[in-house]
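S.K.: Have a look at this one before I ask anything.
The values are calculated or read from the model by the stated rules, or taken from the named source; none is laboratory data. Given the structure is predicted, the values throughout are model-derived calculations rather than measurements. Cβ: placed from backbone, ideal geometry, glycine included. Neighbour counts: every protein chain shown.
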Amino acid sequence: MNKVLIVDDHPVIRLAVRMLMERHGYEVIAETDNGVDALQLARELMPDIVILDIGIPKLDGLEVIARLSSTSMLMKILILTSQAPGHFSMRCMQSGAAGYVCKQQDLTELLSAIKAVLSGYSYFPNQALHTVRCSLGNASEADMVDRLSGREMMVLQQLARGKTNKEIADGMFLSNKTVSTYKTRLLLKLNARSLVDLIELAQRNGLV
């Protein structure tokens, strides 16, 4: 029986995934709502597959993927998220995730993805098989976004959702000063003049 670790900050999602897994013969060995505990549980329990959301507190999903992929552990990482594929599916693939499923899809899609990745295949939306430039209209803007680090992407997304510096800092376990530094860096990297510009750019590129 394949062992599953569920990582999502929404209890309803965790419950739905757990019920689906157990109904189809998978053993859910643990679940958590944050990235720090996810790393610890993965190292201690050695699941066969980690079902992971990207926008989780303490340590975001992209960082969790990178850290787990850098170890010798053989577990598969499958992303289950509400984030539109665009930039995120490609970034997850490059970081070491084996698959990517959007929460907007039917949960049976998750079963197909699990079977695929446990059989040694990858499972990504078509957008991830092409460059971001192909899937977005504004190539130069898409290129700039694609060059952001994972942490910069997460801060940009939180800003675009209207979060304050303090809310972002608390959710990502950063200081207010560090968030301000990220904001300044984003303005420079994305050639934006204001927070409004950043928000509009994030919306145009499917980050919110």
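S.K.: Scanning for something outside the structural domain of Asp170 (by TED's automatic domain parsing), at pLDDT 90 or above and buried (at least 23 other Cβ atoms within 10 Å of the Cβ), does the range 84-94 turn up at least one residue?
M.R.: no
S.K.: Which residues, taken from the range 38-77, are in contact (Cβ under 8 Å) with a residue 40 or more places away in the chain and out of contact with any helix residue (DSSP H, G or I) (no Cβ under 9 Å at 6 or more places or on another chain)?
M.R.: Result: Leu45, Met46.
S.K.: Could you tell me whether Thr181 is more than 21 Å from Leu62 (Cα to Cα) and of a type in the set (Ser, Thr, Tyr)?
M.R.: No.
S.K.: Of the residues Thr181, Thr164, only one is of a type in the set (Ser, Thr, Tyr), farther than 19 Å from Gly55 by Cα and surrounded by fewer than 17 Cβ atoms within 10 Å (Cβ to Cβ); which?
M.R.: Result: Thr181 is the single residue among Thr181, Thr164 that is of a type in the set (Ser, Thr, Tyr), farther than 19 Å from Gly55 by Cα and surrounded by fewer than 17 Cβ atoms within 10 Å (Cβ to Cβ).
S.K.: Here is a further query. Looking only at the range 36-81, count every residue that is closer than 14 Å to Val7 by Cβ and among the small types (Gly, Ala, Ser) and tell me the total.
M.R.: Within the range 36-81, residues that are closer than 14 Å to Val7 by Cβ and among the small types (Gly, Ala, Ser) number 4.
S.K.: Just need a number here: residues in the range 170-208 that are aromatic (Phe, Trp, Tyr) and either touching an Asp or Glu at 6+ places or on another chain (Cβ under 8 Å) or at pLDDT 85 or above (or both).
M.R.: Selection size over the range 170-208: 1.
S.K.: Enumerate the pairs (first residue in the range 78-105 and free of Cβ contacts under 8 Å to residues at least 24 places away in the same chain; second residue anywhere and of a type in the set (S, T, N, Q) and in a strand (DSSP E or B)) with beta-carbon separation below 8 Å, excluding pairs fewer than 6 apart on the same chain, so at least 6 apart or on different chains.
M.R.: What qualifies is Val101/Thr81; Cys102/Thr81.
S.K.: Taking the range 23-49, which residues are crowded, with 24+ Cβ neighbours inside 10 Å and of a type in the set (A, V, I, L, M)?
M.R.: Hit for the range 23-49 is Ala38, nothing else.
S.K.: Would you be able to tell me the number of residues in the range 45-79 that are under 26 Å from Leu111 (Cβ atoms) and over 15 Å from the mean Cα position of the chain (by Cα)?
M.R.: Adding up the residues that qualify gives 8.
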